[in-house]
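Just below is one structure, and these are the notes that go with it.
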Amino acid sequence: METEKKKTALSLIQPSGTITLGNYLGAIRNWVAMQEEFNCIFALADLHTITVRQEPAQMRKNILDAYASIMACGIDVEKTLFFIQSHVTTHAQMAWILNCYTQFGELSRMTQFKDKSQKHADNINAGLFTYPALMAADILLYQADLVPVGADQVQHLELTRDIATRFNGLYPNVFKIPEAYVPKTGARVMSLQDPTRKMSKSDENVNGCVHLLDPPEVIMKKFKRAVTDSEAVVRYGEGKDGINNLIDIYGAVTGLTREQIEKDFDGKGYGDFKTAVGEAVVEALRPIKEEYEKLRADKAYLESCYRKADEIAQRISQRTLSKAMKKIGFVQ
Ligand code: ATP
Ligand code: LTN
């Protein structure tokens, strides 16, 4: 009997800082859940990270911290490929090739480029501009079927599909055309200090962002200081971005629905609610933190995990790179 082949799901995350509660609830937790159903490929996009200046020692630390944190969240390196982008040489090679099949006009329309150029006006480098071609390389090298991404990356994925379709039009059957995969249960976590903006690794306001590795007392403090409104009713509603965000976070970590939460906190004040959310988050992160401490203390094991994955990724991606190069006309 023919067994059905699992689809390949692929995604990368930049190790541009410490992993946040937003990254966990919005992305990594879904990656963990996908491991059974799909053939999963995940990686740290460290090449993408240098489009913004990094301090070398901090960058090294961020990469290893991120690798250990993501494993601690439940990425099982026995069944899932989890590698480091810069260790696999095909990514930069394929990115160069795809750069030559990507139009200036297309890249100019990318909203992330416009946002980041504004944010880093003193360093609008070519890498920031061609970032989506590297992202397309990450995806197309592995013939991925599905790419779990947040809403902010959908435009880059559309461009990836356009590049792949154009390339296949010139040289048939090189790339699989990937699809965005928006998970059913994806929480969008907002900043605790400005709940109209998403919680982000690179947020200047440290109180707005909960990091996976924050000590419990820091997490509690951040939730207690969370910006809310003056209505003092725990209810989901318009103009209540702060409370809506806390309700969503609480729901995401406890599994309770909005209605159940509103009922449980009926007649209670924001102080009680914030404490409950903080405690629930601390509890949800406790096992992750414990596992992280173990993994991070064993550098040799961590290295053996990524070395093994790097090698496999190199082998798989080389096939697509070689095929593309042959079709273009490079001498084999
Ligand atoms: P940076 O501050 O460096 O831009 P970030 O924290 O905003 O980083 P990304 O590295 O851009 O996060 O995203 C990694 C993954 O986490 C993506 O899939 C993204 O959709 C998801 N993600 C990031 N922030 C949030 C959030 N606040 N809520 C839900 N998902 C998020
Ligand atoms: N640009 C993405 C990270 C990223 C990615 C990828 C995501 C790099 N390469 C390939 C999916 C597939 C981000 O900033 N979140």
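The values are calculated or read from the model by the stated rules, or taken from the named source; none is laboratory data. What you see is a predicted model; the values in this text were computed from it and never measured. Counting neighbours? That spans all protein chains shown, and the Cβs are built from the backbone with ideal geometry, glycine included. With ligands, DNA and RNA removed, areas are computed over all heavy atoms of the protein, side chains included. Shrake-Rupley method; radii C 1.70, N 1.55, O 1.52, S 1.80 Å.
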Which log10 I(q)/I(0) values, to two decimals, does the chain give at q = 0.12 Å⁻¹ under the Debye formula with one point per Cα? -0.89
accessible surface per residue for the chain, probe 1.4 Å, DNA/RNA/ligands not counted, whole Å² -> 49 Å²
GNM top mover of Gln14, Gln103, Gln112 - the chain, alpha-carbon springs below 10 Å: Gln103
Where is the GNM fluctuation largest for the chain (alpha-carbon springs, 10 angstrom cutoff): Asp46, Asp203, Asp122? Asp122
Using a Förster distance of 56 angstrom, determine the FRET efficiency expected from the C-beta separation of Lys176 and Glu259, and round it to 0.05. 0.85
Per-residue [θ]222 nm for the chain (sum of -39500 (n - 2.57) over DSSP H runs n ≥ 4, rounded to 500): -16500 deg cm²/dmol
Residue pairs, from the table Lys61/Lys198; Lys61/Lys274; Lys201/Lys274, whose Cα atoms sit over 29 Å apart: Lys61/Lys274
Give me the one-decimal nm value for the distance between modelled label points at Tyr236 and Arg286, 7 Å along each residue's Cα-to-Cβ direction. 2.8 nm
Starting from the Cα of Lys6, draw a straight line to each of the aspartates and glutamates and keep only those under 19 Å, dropping any in the same chain fewer than 8 residues away. Glu36, Glu37, Asp76, Glu78, Asp145, Glu179
Peptides ranked, highest mean first, by Cβ atoms within 10 Å: ranges 311-324, 257-270, 129-142: 129-142, 311-324, 257-270
For the chain, modelled as a GNM with alpha-carbon contacts under 10 angstrom, which of Asn125, Asn244, Asn30 fluctuates the most? Asn125
Using Cα positions and a limit of under 22 Å, work out the lysines in reach of Lys327, with same-chain residues fewer than 8 apart set aside. Lys176
Counting only protein heavy atoms and a 1.4 Å probe, tell me what percentage of the chain's accessible area is made up of carbon and sulfur. 52 percent
